[in-house]
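First the structure, in the form of structure tokens, and then the observations on it.
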Amino acid sequence: MNRREGEGGSRRNADAAQDREASAQSSSPVIAAFKVFQQELDTKHDKHERLVKISRDVTIESKRTIFLLHRVTSVPNAEDILNEAELKLDAVRQKIGQIAEELRGEDIFQFHRAFTGGIQEYVEAASFLHYIRHRSLISLEEINARLVFMKSEKEDSEGLSGGLSGGLGGLSGGQVLTFQVSVGNGDIDTPFQLSQFLRQIHDGFSYIGNTGPYEVSKKLHVLRQSLGKVEDACYALRVRGSEIPKHMLADVFSSRTTHMEPEEGVV
Amino acid sequence: MSVTEMFSHIQGFLSADQDIREDIRKVVQMLEQTAREILTVLQSVHQPSGFKEIPSKCARARELFCTVRTTIADLKTKFPMEQYYRFHEHWRFVLQRLVFLATFVVYLETEALVIREEVAKILGIEVVREKGFHLDVEDYLAGVLIMASELSRLAVNSVTSGDYTRPLRISNFINELDSGFRLLNLKNDPLRKRYDGLKYDVKKIEEVVYDLSIRGLTKEAETTGGDK
């Protein structure tokens, strides 16, 4: 459509557009309704953003705690590290408390994607710490017990279950790393203990199969690979452990495995 | 609790979850069936013969919405109401379609945009989350956008059917809708993507109006007092 050039034409068009705009905005019920929608959507998006920010902090601090815990085997005083880790996790729990506050009165599933990554990382860190202290798997009840804020519990166990499975998948990745580190240090007993633990977790996940959320199936696949490598390494230790000088054990291990990074939290 | 016990517990929970979803899926299928029936009824307004029968089509559609209300009442019983968003994905698609259909019916009846509360009433659901199974604002808006596409098609077919005035009214309606949507601060989500399609609807309708006006067809309709 051609617009007439020239002052008169363009002024007329501009006025017409303004008039349309003005009349639309002043009297229309449609526009009034959309203004309400704008507020509703803005409120929801803002909350989502706040949750994402807190969740990111939770993820970062949890990851740092995990790296800290990996140093346990290479340092004389493990207790110091464990206490430091506990303090860090307390700070993380504070942050999770903020998430709980944001979610008060809301349907948590509406914002699930915003915070699930952080929660999974926290679960990984908390269960890793628990394992180092107690050589056992932390339970859902124990995790929830530390996460009760004020009087209302943030997430019922069902919401957390998905996070727990995700976090556990991450945990097993971290376990494999510990396994390598302990072998590298010439500690022969820990690998077998660890593989036993890993096997339990793997069998548990196999039992669940793919009835769980999609992320769990992905982690199960990785877990299966990790477990295979760990079992191969145990075999190598058993067969050749007595013959090989300790410092070469680490080489045997690394020739059979690739370095496993702790799992990233899945968004 | 041993590892095995814990996974057993988790498995039990996941199993129960799957059962609920299976129940929900069955009911949603029924909803989808009814939605298709309503759509079939309303589609016919695009044909020349269907044009005259708009009032009866709308009445028929309203009857079918009774069935929708009953089915949704059943759906509400399948899961705890505080977990609406946990299962929301199962019915999101069909709910948006139902919003579109309700909005379309009201447009055909009144040539106005139905408000969210009215749509919720047609579907037999709430508007506010705390009160129960509710119509999320984003689902309502998505349904409205689907209707906008349907209207651009209707504008074209109105002309073909000989109604030269309807496109102009549709054009005003869509432009107002567009103004409304431009007030929203949309994030990069499915609603935003759907909204991006609105400009093509706007353009298509503008072209129809343009085609009519340069040929003087709109004036002709006015002078003959044409009101079809």
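Given a Förster distance of 25 angstrom, what is the FRET efficiency for A:Asn77 paired with A:Ala145, based on the Cβ-Cβ distance and rounded to 0.05?
The pair A:Asn77/A:Ala145 has a calculated efficiency of 0.35.
Hey, rough spin-label estimate for B:Lys203 and B:Arg62, points 7 angstrom out along Cα→Cβ, what's it come to in nanometres?
Calculated label separation equals 3.8 nm.
Output the peptides A:77-83, A:47-53, B:33-39, B:144-150 sorted from most to least packed, where packing is the average of other Cβ atoms within 10 Å over each peptide's residues. Each step should come with its number before you reach the end.
Values: A:77-83: 12.9, A:47-53: 15.9, B:33-39: 17.6, B:144-150: 22.0.
For the peptides A:77-83, A:47-53, B:33-39, B:144-150, the packing ranking is B:144-150, B:33-39, A:47-53, A:77-83.
Work out the mean other chain Cβ neighbour count within 10 Å for the residues of B:170-177 and drop it here as an integer.
Per residue, the number of nearby Cβ atoms from other chains is 2 on average.
Using θ = phi - 60° and the Karplus form 6.51 cos²θ - 1.76 cosθ + 1.60, what ³J(HN,Hα) does each residue of segment A:219-224 get, whole Hz, x for Gly and Pro?
So the J values, rounded to whole Hz, are 5, 4, 4, 5, 4, 4.
Report, in deg cm²/dmol and to the nearest 500, the calculated mean residue ellipticity at 222 nm for chain B, where each DSSP H run with n ≥ 4 adds -39500 (n - 2.57) and the sum is divided by the residue count.
-26000 deg cm²/dmol
Could you give me the ³J(HN,Hα) list for segment B:135-149, computed from phi with Karplus coefficients 6.51, -1.76, 1.60 and θ = phi - 60°, whole Hz, x at Gly and Pro?
9, 5, 4, 5, 5, 4, 5, 4, x, 4, 5, 4, 5, 4, 4
Count neighbours as other Cβ atoms within 10 Å of each site's Cβ, and list the GluC sites (Glu not before Pro) in segment B:68-116 that are DSSP loop with at most 15 such neighbours.
Numbers: sites: B:Glu82, B:Glu89, B:Glu109, B:Glu111; in loops: B:Glu111.
Loop-located and lightly packed - B:Glu111.
Residue by residue through A:100-110, how many Cβ atoms from other chains fall within 10 Å of the Cβ on average? Intermediate values should be presented prior to the final figure.
Values: counts 0, 0, 0, 0, 0, 2, 2, 9, 4, 8, 6.
Per residue, the number of nearby Cβ atoms from other chains is 3 on average.
At a Cα cut-off below 19 Å, give the lysines reachable from A:Lys35, other chains included and same-chain residues fewer than 8 away excluded.
Output for A:Lys35: A:Lys44, A:Lys47, B:Lys187.
Per residue of segment A:45-55, in order, report the coupling 6.51 cos²θ - 1.76 cosθ + 1.60 (Karplus, θ = phi - 60°) as ³J(HN,Hα) in whole Hz, putting x for Gly and Pro.
3J(HN,Hα) across segment A:45-55, in whole Hz: 5, 4, 4, 4, 4, 4, 5, 4, 5, 5, 4.
How far apart, in nanometres, would the label points at B:Arg215 and B:Val128 be if each is projected 7 angstrom from Cα along the Cα-to-Cβ direction?
Going by the 7 Å Cα→Cβ label model, 5.2 nm.
Points 7 angstrom from Cα along the Cβ direction at A:Glu231 and B:Thr77: gap in nanometres?
4.9 nm
Taking 23 Å as the cut-off for C-alpha to C-alpha distance, list the pairs among B:Lys57/B:Lys78; B:Lys76/B:Lys121; B:Lys57/B:Lys131 that go past it.
With Cα atoms farther than 23 Å apart: B:Lys57/B:Lys78; B:Lys57/B:Lys131.
List the trypsin sites (Lys or Arg not before Pro) within segment A:93-145 that DSSP assigns to loop and that have no more than 15 neighbouring Cβ atoms inside 10 Å.
Those that pass, being in a loop and sparsely packed, are A:Arg104, A:Arg135.
Determine the shielding of peptide B:16-22 by partner chains: average, over its residues, the number of Cβ atoms on other chains within 10 angstrom of each Cβ.
If you average over the peptide's residues, the count of other-chain Cβ atoms is 1.
Near the amide H of B:Phe133, under 5 Å away, which other amide H atoms are found, from residues 5 or more places off or on another chain, if H is placed in the peptide plane?
B:Glu126
Straight-line reach from A:Lys229: which lysines fall under 30 Å, measuring Cα to Cα and dropping same-chain residues less than 8 apart?
Of all the lysines, those that pass the test against A:Lys229 - Cα under 30 Å, at least 8 places apart if same chain - are A:Lys63, A:Lys218, A:Lys219, A:Lys246.
The numbers here are math on the coordinates, done by the rules we state, and not lab data. This structure is a prediction, so every number in the text was calculated from the model and none was measured. Note that we place each Cβ from the backbone using ideal geometry, even for glycine, and neighbour counts take in every protein chain shown.
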